[in-house]
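Reading through the structure tokens given below for one structure.
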Amino acid sequence: MKRRIHARHLRMFLLVSLPCCGGSDGFPAESGSVEEVSSALRNYNALNPNALNPNALNPNALNPSTLAPNRLEGSSLAETAFSAITDPGELGAMSRQLLQYIVSCALSPSQSLRFSWHDALGELHEEIYSGHLGLAPGWSDEPLSASRKQWISACVASRANRAGVSVMISSRGSHVALRSPDRGEVASYPREEGAFWGNLFTSSPRFYACYNEPNAESSRALSRDCAAGLPGADGEVRECPNIHIVGSCDVACGALSAAGGYRPSCTNDRGESSYAVITTFLP
């Protein structure tokens, strides 16, 4: 069923699919099921890491902590979110990019979020943000649980790219949508880059990453350096904005699972552990 919402030249509706499920990922099981998606784990990524901390950009920037507290539809978006995604300036473009990645991580391919906005010249722009991985498709019907907030956050962080280069990656984790990569994908993406986790849906978003040391240079060669960092001329390693590198995944995380090839949990430098971890692999 479509619902059309009008607000400040905004037209938004969500094509609803299935609620999400859980279990076996370190969190209580959640009701519903997740769609079968071919090659769901391979996804492009070129998110500007600066977009991961909207509060550091501008008070009017998209704030995921108030994005859609009840469910992901137009009537649930906070006024700040409406203002952010309809802003015709640079901050609006970054907020729309962040929202696009959030939707891609959270919803399934049969779900999408549509809205329109006007640029500074008054020209209408129609947006359609499609779901992809389906880490929280139930967001269309109910508030996000704590675990799903963390899964979406890990997904968004894993798709950040400082260089703005789109790179195909394989995303794996204990979430039911990620835990069973097909053989072709495993063969095509054999090198573990690292792992990502954190929480975007807080007043002070915080993200963490770790790296697979033997593959650090090959990851950087593919314009992927948010897990390993980028060495500077002074020898210091520069982190991607808003993603703190805690070190080697072999130290920070559990061993790769034999079945799915993902890190089951990781611990940050504050001693806080998370089971909502996405392990990324590169060609």
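The values are calculated or read from the model by the stated rules, or taken from the named source; none is laboratory data. All figures in this text were calculated on a predicted structure; none of them were measured in a lab. Cβ placement follows ideal geometry from the backbone for every residue including glycine, while neighbour counts extend to all protein chains displayed. Just so you know, the surface numbers come from the protein's heavy atoms only, side chains and all, with ligands and any DNA or RNA stripped out. Shrake-Rupley method; radii C 1.70, N 1.55, O 1.52, S 1.80 Å.
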Can you give the accessible area of residue 244, probe radius 1.4 Å, in Å² rounded to 10?
40 Å²
Report the GluC sites (Glu not before Pro) located in the stretch 173-267 that are in a DSSP loop and have at most 13 other Cβ atoms inside 10 Å of their Cβ, or state none.
236
Residue span residue 250 to residue 237: 0.36 nm per residue of separation minus Cα-Cα distance leaves a gain in nm of 2.8 nm
I need the per residue convex hull volume for the stretch 204-276, using only the alpha carbons, in cubic angstrom as a whole number.
116 Å³
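Would you list 91, 72 from the most to the least accessible area, probe 1.4 Å? Please list the in-between numbers first.
Details: 91 55, 72 0 Å².
Solvent-accessible surface, decreasing: 91, 72.
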